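The block underneath contains the structure these notes are about, expressed in structure tokens.
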Amino acid sequence: MPRPARWLVVGTVAATAVCLAPQISFAADKPSPATPTAAGDSRFDMAPGMLAALRRDLKLTDDQIAARLAIEAAAPVVQRRLQGQLGKAYAGAWIAAGGSRLTVAVTDAEQAARVHAEGADVKVVERSQAELDAARSAMDRHASTARDAGVRGWYVD
């Protein structure tokens, strides 16, 4: 191999090795404290634009936003726990508009005390979550017919 070609190969291999080597960085010995988000308020872990939209569109104060975020953070934990405990009596969960607690629907009124004990409001309903899911599946099977008729969306409530 001629000398210039050899140096070209060596240079290419060296450049490839440098480019493909993992980049190394070192963390500081003492991490800096988290910077508060959303206009300097550490209660909010969201983009400032989202915070402004909640204030503007929903007419919420910062305290109301903080309370709502706390409710929404706790709700999935309570919902999953109750869904497991209630079994077939479970019929869904939601936070009502303007609500300050999770609402859990049950088909068995005797389960109301269990729901209240977990810190949620209760609503006794006729159909379980499984029945609602089955109804939605039945509607979904007719999606193409519904769309042909001008129906653009549906849900079970």
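The values are calculated or read from the model by the stated rules, or taken from the named source; none is laboratory data. From a predicted model like this one, the values you see are computed outputs, not experimental measurements. A quick note on method: Cβ atoms are made from the backbone with ideal geometry, for glycine too, and the neighbour counts reach across all protein chains shown. Ligands, DNA and RNA are excluded from the accessible area calculation, which covers all protein heavy atoms including side chains. Shrake-Rupley method; radii C 1.70, N 1.55, O 1.52, S 1.80 Å.
Things to note:
- Qualifying trypsin sites (Lys or Arg not before Pro) in region 62-157, DSSP loop, other Cβ atoms within 10 Å at most 13: Arg141, Arg152
- Calculated from backbone phi, Karplus (6.51, -1.76, 1.60) coupling profile of region 145-153 in Hz, x at Gly/Pro: 5, 5, 5, 5, 8, x, 7, 9, x
- Cα-centre dipole for region 42-157 with unit charges at Cβ (Lys and Arg positive, Asp and Glu negative), debye to 20: 200 debye
- Ordered by 1.4 Å accessible area with all protein chains kept, Ser128, Ser137, Ser144 run largest first as Ser144, Ser137, Ser128.
- Here Asp121 sits with roughly 60 square angstrom of accessible surface, probe radius 1.4 Å.
- Positive-end extreme of charge dipole, region 41-157 - chosen from Gly87, Val106, Met46 (charges on Cβ): Met46
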